Amino acid sequence: MALLRKNNRSLRLKAVRLYLLAVLCATLVLLGFSVVSLYEQRLRTKELSTRTLDDAGEQLARELEHRVALLAEDCLDPHALGMLRYDPDRSEALEQLARYREYFHRRRELHPIAVGFFIFQGTRLVFPRLDLPPEETPEAMAAARPAPQNAAFLRLLAEGEQLETRGDRYRAAQAFRQAEALPVGPRLRGTALYRAAWALRRTGREREAREALRLLVRRYGDEYDLSQRPFALAVATSEDAPILEPPLPTVHDLYHDLLEGRWELSAAQLERILPNLESRLGAGETYRTDSFFLSGMKTAAAIRAHFSPERLEQPNRTYPQAFHHQDTPYQVFMTRLPQPGGDDLTVGFFLSFRWLERGLIPSYARQGDFGSLRSAELVDSQQLASLGREEGETIASFQNLLPYWKLRVLADPVPPAPEARREIWFMTLSAVMFGLILALGLFLLIQVSWDIRSFQLRSDFVSGVSHEFKTPLSLIRLYSETLAGDNGEFSPEDRKNYLSIIARESARLTRLINNVLDFSRREKNLPPPAIPEGQLEDTVAQVAQDFSDYLFMKGFELRLSIQPSLPPVRHNPEQVYQMVGNLLDNARKYSGSARLIRLNTWREGDEVVVEVQDNGIGISAEEKKRIFDPFYRVPGTAEKGGCGLGLYLVAQVMKDHGGKVEAESEVGQGSRFRLRFPVAKAPKTRITAIEARLKRGLES
């Protein structure tokens, strides 16, 4: 009979697989026809297309070129550039450089075509600065910004320097602090305070030196020292960088401010300061790629290497220039501004390709005769060969501007004819229908597989239960027949032992039957039995008493520990007896060579805990996740007996009791199973209105 059932299952699986294979083959054939039809339709669409895409691309290139030239002339309007107020005597002064940067910032907001401006005086690059600035002196700084107390400041500064030379550094520091207190320019005051901090450090007054440096950063952090370096960066690049912590700006803050162009620094200064800050932050050069300030320095170095004033023949006229520098193409626009009594000024900017690709080109491609264009982009001529060609693509060249770039244009395909669309829809719907049939077949296969798996589990369950029933029944029958055939040859002690074995195996058989009945009740979704309130320790003690002799005969020692005065809990004694018995029987099965089992009961917060502990083979972390599933058996434990329901029923019964079961186990270290029962809450007494009035009357 079993062989017949096995053959039937095998035939059903083969039939389902053949069905799925047939549906899959039909679906693939239909999809193949759909692909062929789509390919032929695309060929017909391409043949029917009569639009000359090359003409559209060339027209778009000419329109863009003309528009860029007009925008460049507007950006370099000589009347607007006259607001620069260029002073040749102070062309490299910090205030003048800051004025240039502020003016070009406003200019760039009005004209997004420009990405970076530059100024030449003759052949010398004035803005932005690339080389190291010359070292300044306090006298020159005082002369640049006259003040009534400048002479007194310089006298105190010279006095401090003399005291420092003679080795009296503490008095030198005091002289520097007196100079810092005078009402002079902030750069001079910062210089005096900086020297005072270093003089204090040389006298060994480290704490006072650090306080002076903190005060320097707080008051004069954005002012420049004699090397035209901000005092905040001077401290950040020294050994005193750790003092920079909130509320002072940190090294991280200064690093990002530097990348944002907060201070007027030259490219040479940046190459000295940036590696120092990055080494302190542990940051690489990846942050530099997003810095607009650093990109302006890079482009300035490129134009200085390729600048030639001879190209600018006429003044106040905009001239384009394109060149390659370090494998990077650039497009610049420049104009020459005559200066009376000196070299002419050349002001220019670099073309913003980001704005060109994201702003100007899309706006042109969506209007007029270019409405059918899908996209247009600038491509470096050297990278054009590596991009490959797409359908509906054309490459257009510029005539006067952008010689190192091409315009790559993609056009939308011509829509297919109505007949072709109907054919495509028919093929698509057919493919979808076959796909649904295939999905139905997969569902049937999964369902059949699940039925077979369920049947196998139930078959294993029946086999396991039969085996479990067979052992106690055999022992009961053996000792019952032995006692029935007694002719007085057994002593009273023997009869007592035989009867105890019969009683023990009967209890075991009862527990197995209760497990099966409980599982059957849960499968039918029947309500759980009533759960009264009572003392849990009485039931635990009864289980320990009934199992102690049984475990002793099996060579085990059961140690019972119950905390006195436990509160009452809601529990069904029969079910608790069954759960604890299942856990003790499992501890016996899987204890291995360890022969000690502990049964502990105690209160923990608002719970009463029953714990069964063994020192057996243990359970792995992976298997511990599944031990409470029905019919599950840990691999390699089939010879221990059981049917895989004990722990499942323990977990379900604890849910009925409003508690939970926990398992702690490690392989080779034994296991601990804890049953947590919530403590029963005392019922709240309700006082009726009459009782309340009587109580108030008695009190009065």
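The values are calculated or read from the model by the stated rules, or taken from the named source; none is laboratory data. Computed from a predicted structure; not experimentally measured. All Cβ positions, glycine included, derive from the backbone under ideal geometry; neighbour counts span all protein chains shown. Quick note on the areas: whole protein, heavy atoms, side chains included, nothing else; ligands and nucleic acids left out. Shrake-Rupley method; radii C 1.70, N 1.55, O 1.52, S 1.80 Å.
Here r is the Cβ-Cβ distance between Ile395 and Thr428 and R0 is 30 Å; the resulting FRET efficiency, rounded to 0.05, is 0.30. Considering only the Cα atoms of segment 139-229, their convex hull presents on average a projected area of 5.3 nm².
Sorted by accessible area (1.4 Å probe), largest first, how do Cys25, Cys75 line up? Could you put the intermediate results ahead of the total?
Numbers: Cys25 70, Cys75 0 Å².
The residues order as Cys25, Cys75, largest area first.
Between Ser593 and Asp549, the FRET efficiency estimated from the beta carbon spacing at R0 = 25 angstrom works out to 0.70. Across the alpha-carbon set of segment 87-239, the Rg to Rh ratio works out to 1.07, Rh being the Kirkwood radius.
From the residues Gln149, Ala181, Pro128, which one has its Cα farthest along the dipole of segment 122-226 in the positive direction, the dipole being from +1 and -1 charges on Cβ of Lys/Arg and Asp/Glu about the Cα centre? Farthest along the dipole direction, towards plus: Ala181. The GluC sites (Glu not before Pro) of segment 157-261 that meet both conditions, a loop assignment by DSSP and at most 14 other Cβ atoms within 10 Å of the site Cβ, are Glu239, Glu260. Give the calculated FRET efficiency between Gln542 and Leu24 to the nearest 0.05, with a Förster radius of 56 Å applied to their Cβ-Cβ distance. The formula returns an efficiency of 0.35 here. Count Lys and Arg as plus one, Asp and Glu as minus one, and take only other residues whose Cβ is under 9 Å from that of Ala192; the net charge is then +2. Spin-label model, Thr165/Arg145: points 7 Å from Cα along the beta carbon direction are separated by 2.7 nm. With all protein chains in place and ligands, DNA and RNA left out, the 1.4 Å accessible area ranks Leu226, Leu81 as Leu226, Leu81, largest first.
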